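Written out below as structure tokens is the structure these notes cover.
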Amino acid sequence: MLSYLKKQAEHLFPGYFALVMASGALSIGTYLLDMIFIAELLLYINVAAYLTLWLLTIIRILFYFRNLKADLTSHARGPGFFTLIAATNVFGSQLIIVAGNHTFPVYLWLLAIFLWLIIMYTFFTAVTVRRDKPTIAEGVNGAWLIASVATQSISILGTLLSPYVENGQTIILFITLCMYFLGCMLYLNIMTLIFYRFTFVNFKFDALTPPYWINMGAVAIATLAGSTLILHAEEWSLLGEITPFIKGFTLFFWIAGTWWIPLLIILMFWRHIYNRYPLGYDPQFWGMVFPLSMYTSSTYQLSKALELPFLTVIPKFMVFVALAAWIPGFIGLVHRIFFTLLNHYQSKNA
């Protein structure tokens, strides 16, 4: 078994933690919509997924650190490491909302902040000082926006934890407010490059990988972060004072995410139907499931934060779209695990 795990860890896709992000966001969304059985089932699946991916990551650090370092400092693969941060926070949020656990998520939040400091500054330093840099078409993709997603996820989990902390509540809310605005800044900066690539650089259909759905997912989680801050505004006077501004900014990001959905659907038809690009399981697939799940949860919380109950119609529909995307993805994952295990033992016994 160890040899199998080492083989899987050697070239582990850096963005595989998007599986935890997608399952966690969908679990929270289904819980908010009173689909309790599905929410709890996804929680159990996420516990297994999170622990397994960390096991593979630790094996990679111990035995294949050179590969990990090369990926982390790469324009193309480096952004995938931000999924470690986002997954840790989404999993922590899932434990609070679905499982009612407020102790373990504190440690997950601290771990996420540590990972954020390491990954954020290692990656952006590496791509800045690199001598031979790729073109925008080769180096920038939707996965870069996971830097914004990771930052917003710290804001969400910290805000959810704030009512259960006896000391330092103001400091925690100050950090979460700063992370919210920092995540917004990262989105606006990176999105400018991606939009430029979409509209002014030759864009081939095979380059339209699932992580481009993060174009929408990043503003969906910004919406959730803003809504969560609004719903906790009574806990800190400064937060209450700037709530009108946060409401406007949060609504701005929600409508931006809503705008992306039809365009991304059209582009997916262009890729898979018009150009007949084969559709199959790929680890990057979770980069599409997560935004759909996050849009469901964020819209529901936005309806509460802005006191607009008519908006709940959207998550009641979108949750089934997210489930329809998650189920085939999970089947594809199980299929891949089964056949890689089978091939491993066949080759070992040959």
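Just so it is clear, none of the values below were taken in a lab; they were calculated from the coordinates. What you see is a predicted model, and the numbers here were worked out from it, not measured in a lab. FYI the Cβ positions are ideal-geometry reconstructions off the backbone, even for glycines, and counts take in every protein chain you see.
Would you work out which of PHE181, PRO328, THR250 lies farthest towards the positive end of the dipole of the chain? Charges go on Cβ: Lys and Arg +1, Asp and Glu -1. Farthest towards the positive pole: PRO328.
Could you give each residue of region 248-254 its phi-based ³J(HN,Hα) in whole Hz, using Karplus coefficients 6.51, -1.76, 1.60 with θ = phi - 60°, and x for Gly or Pro? The phi angles translate into x, 5, 5, 5, 4, 6, 5 Hz.
Scalar couplings 3J(HN,Hα) for region 93-104, obtained by applying the Karplus form with A = 6.51, B = -1.76, C = 1.60 to θ = phi - 60°, are 5, 5, 5, 5, 6, 8, 9, x, 9, 10, 9, 4 Hz; x denotes Gly and Pro. Shape verdict for region 114-173, please, from the Cα gyration tensor: rounded (a/c under 1.5), prolate (a/b greater than b/c) or oblate. Prolate, since a/c reaches 1.5 and a/b exceeds b/c. In the frame of its principal axes, region 1-96 has Cα extents of 46, 33, 17 Å, reported largest first. Each 10 Å bin from zero holds the following percent of Cα-Cα pairs in region 2-349: 5, 26, 35, 24, 8, 1, 0. Taking every DSSP helix (H) stretch of at least 4 residues in the chain, weighting each as -39,500 (n - 2.57) and dividing the sum by the residue count yields a mean residue ellipticity at 222 nm of -25000 deg cm²/dmol. Region 83-126 and region 283-350 have Cα centres lying 19 Å from one another. Please identify the trypsin sites (Lys or Arg not before Pro) of region 126-226 that satisfy two criteria: DSSP loop assignment and at most 13 other Cβ atoms within 10 Å. Which are they? Sites meeting the loop and neighbour criteria: ARG130, ARG131, LYS204.
Between VAL165 and LEU55, the contour length at 0.36 nm per residue exceeds the Cα-Cα span by 36.6 nm. If you average the alpha carbon positions of region 203-249 and of region 146-166, how far apart do those two centres end up, in angstrom? So the two Cα centres are separated by 12 Å. The charge dipole of region 2-349, taken about its Cα centre with unit charges on the Cβ atoms of Lys, Arg (+1), Asp and Glu (-1) only, comes to about 1220 debye.
Tell me the angle of helix 18-32 to the major Cα principal axis of the chain, expressed in degrees between 0 and 90 and rounded to the nearest ten. Tilt of helix 18-32: around 40 degrees.
Our coupling estimate for region 200-212, obtained by passing each phi through the Karplus curve with A = 6.51, B = -1.76, C = 1.60 and θ = phi - 60°, is 10, 10, 3, 10, 8, 5, 6, 8, 7, 7, x, x, 5 Hz, Gly and Pro reported as x. Suppose the Debye formula is applied to equal point scatterers at every Cα of region 219-331; what is log10 I(q)/I(0) at q = 0.15, 0.16, 0.19, 0.20 Å⁻¹? Debye output, listed in q order: -0.71, -0.78, -0.98, -1.05. The loop-placed trypsin sites (Lys or Arg not before Pro) in region 275-350, going by DSSP, that have at most 15 neighbouring Cβ atoms within 10 Å of their Cβ come out as ARG276.
Loop sites by DSSP among the GluC sites (Glu not before Pro) of the chain, restricted to those with at most 13 other Cβ atoms within 10 angstrom, leave 1-165 as the longest stretch without any of them.
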